[in-house]
Amino acid sequence: MAEYDLTPRMAPNLDRHLVFPLLEFLQERQLYDDDHILKAKIDLLNNTNMVDYAMDIHKSLYHTEDVPSNMVDRRAEVVARLKSLEEAAAPLVAFLQNAAAVQELRADKQYNLQMLNERYQIGPAQIEALYQYAKFQFECGNYSGAADYLYQYRALCTNSERSLSALWGKLAAEILMQNWDIALEELNRLKEIIDSKSFSSPLNQVQSRIWLMHWSLFIFFNHDNGRTQIIDLFNQDKYLNAIQTSAPHLLRYLATAFIVNKRRRPQFKDFIKVIQQEQHSYKDPITEFLACVYVNYDFDGAQKKMRECEEVILNDPFLGKRVEESSFSTVPLRDEFLENARLFIFETYCRIHQRIDMGVLAEKLNLNYEEAERWIVNLIRSSKLDAKIDSQTGTVIMEPNHPNVYEQLIDHTKALNGRTYKLVGQLLEHAQAQVAR
């Protein structure tokens, strides 16, 4: 299933350190030859300061204990540069490690800069040195130290561009340390800046949104509430437009989130239209599954795609996360996906037919007869299905479902409210742009 691997599309939109977890996953799943993955790792490491790691991979790749002289020289350079940066940042680092001294800092950055200069002889050169030291620590793979120093740097920095760069670095560090709650806070902070900042070009803003969405996948598919939040972010007009324009492969993750989300959303119908529109630019078994069920009503095709979806999920670094339980491992998202995918097929099939043969239904759901019967009984018991089973004829009889007028009115009012909110937002943005000119 390497044909559905999105790593080549994802990597250009990620920091090179964030690509390592993807390569580790691909290596574990053995989607590619091991030597191919090791060479990719060395290529990534060439532009970082993780020289010891590069040496270890070189030894594994070429089955030798010797390493090239350029790696040895590079290691000496890194150690010397680290020592130099450490000395340059030492006065400010010492101040930040002094809890009593840090108490003197206030929310006013200008006051802090003046106070540091007057009392501790710490000026712009030392603050810049802290940024360079933090960046170097990140390149060395010391993500914890880098996150701490970047946080402290942002509290003192008055340059908005540098502060933004530091925030990107801190987000990457928190992701790599798997601090999902903190990473989510940094992600939301970064989103606010991207949406409100005045960019030199609209293309730069679109690119920032694309980067943000790619980085967010690490968080959303590991955070407890991530599958809801990915819909909240990706389905916003500006972000969905960015996906359609420059990163249609991200539709895989939005489609998955819609399928596994317990609460069906009113935006789902609009998203199906997007899937239909973008079939020419991107499709995979997950997006094709939705097209089969909701666009083409091709239930045989949906059944086939459901089997392929399982393979896609198992071989996707974000969707195929394994959880160890006693003596075996499971992929929770795979199980949820297949359960909800069957429900999608069943619901749509039932809207078309009033009496359904159980054998035919079992085939559509990719289950045997007994499993299908048990599955439908559970749906009826949990009030997810208004139907009854005729055991003599082996059929499921659907009860007529008359739409509730009040529910329809509420749904239409919600949709109208959403469109009004978007319109007001666009008018405000236009007014602000006119004022800025």
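Before moving on, here are some points about what is shown:
- Residue within the range 97-107 that is in contact (Cβ under 8 Å) with a residue 24 or more places away in the chain, at negative phi and of a type in the set (A, V, I, L, M, F, W, C) present: yes
- Wholly enclosed helices (runs of 4 or more DSSP H) of the range 257-357 bearing at least 3 residues hydrophobic (A, V, I, L, M, F, W, C), surrounded by fewer than 18 Cβ atoms within 10 Å (Cβ to Cβ) and out of contact with any strand residue (DSSP E or B) (no Cβ under 7 Å at 6 or more places or on another chain): none
- Candidates R106, R81: the one that is under 24 Å from W168 (Cβ atoms) and among the basic types (K, R) is R81.
- Hey, P91 touching a Phe, Trp or Tyr at 6+ places or on another chain (Cβ under 9 Å), open to solvent by 40 Å² or more (accessible area, probe 1.4 Å) and more than 26 Å from A129 (Cα to Cα) or not: no
Residues are listed down the side, and each one gets a yes or a no for (1) open to solvent by 20 Å² or more (accessible area, probe 1.4 Å); (2) assigned to a helix (DSSP H, G or I):
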site: P8; (1), (2): yes, yes
site: L18; (1), (2): no, yes
site: P21; (1), (2): yes, yes
site: F25; (1), (2): yes, yes
site: Y32; (1), (2): yes, no
site: H36; (1), (2): yes, yes
site: A40; (1), (2): yes, yes
site: Y53; (1), (2): yes, yes
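- Every condition in (1) charged (D, E, K, R); (2) within 13 Å of A89 (Cβ to Cβ); (3) over 32 Å from the mean Cα position of the chain (by Cα) is met by D148 except one, and the failing one is (3).
- Selected residue (criterion: farthest from V93 (Cα to Cα)) from residues of the range 114-130 that are in a helix (DSSP H, G or I) and open to solvent by less than 20 Å² (accessible area, probe 1.4 Å): M115
- Filter pass, N188 being under 16 Å from the mean Cα position of the chain (by Cα) and either farther than 29 Å from S382 by Cβ or basic (K, R) (or both): yes
- Scanning the range 100-113 for residues that are in a helix (DSSP H, G or I) and open to solvent by 20 Å² or more (accessible area, probe 1.4 Å) yields a total of 6.
- Taking the criterion of being within 20 Å of W211 (Cα to Cα) and open to solvent by 20 Å² or more (accessible area, probe 1.4 Å), the residues of the range 144-163 that qualify are S160, E161, R162.
- Looking across N241, N222, one residue alone is surrounded by fewer than 18 Cβ atoms within 10 Å (Cβ to Cβ), of a type outside the set (S, T, Y) and not in a helix (DSSP H, G or I). It is N222.
- Only one entry in L385, L365, L423, L428 is touching a Lys or Arg at 6+ places or on another chain (Cβ under 7 Å) and modelled with pLDDT under 85, namely L365.
- Subset of the range 196-212 [free of Cβ contacts under 8 Å to residues at least 60 places away in the same chain, surrounded by 11 or more Cβ atoms within 10 Å (Cβ to Cβ) and either at positive phi or not in a loop (DSSP other than H, G, I, E, B) (or both)]: L203, N204, Q205, V206, Q207, S208, R209, L212
- Top-ranked residue of the range 42-51 - restricted to ones that are of a type in the set (S, T, N, Q) and surrounded by 15 or more Cβ atoms within 10 Å (Cβ to Cβ), ranked as nearest to V312 (Cα to Cα): T48
The values are calculated or read from the model by the stated rules, or taken from the named source; none is laboratory data. Here the structure is a predicted model, which means the values were calculated and not measured. Ideal geometry is used to build each Cβ from the backbone, glycine not excepted, and the neighbour counts take in all protein chains shown. The accessibility values were calculated without ligands, DNA or RNA, using every heavy atom of the protein model including side chains. Shrake-Rupley method; radii C 1.70, N 1.55, O 1.52, S 1.80 Å.
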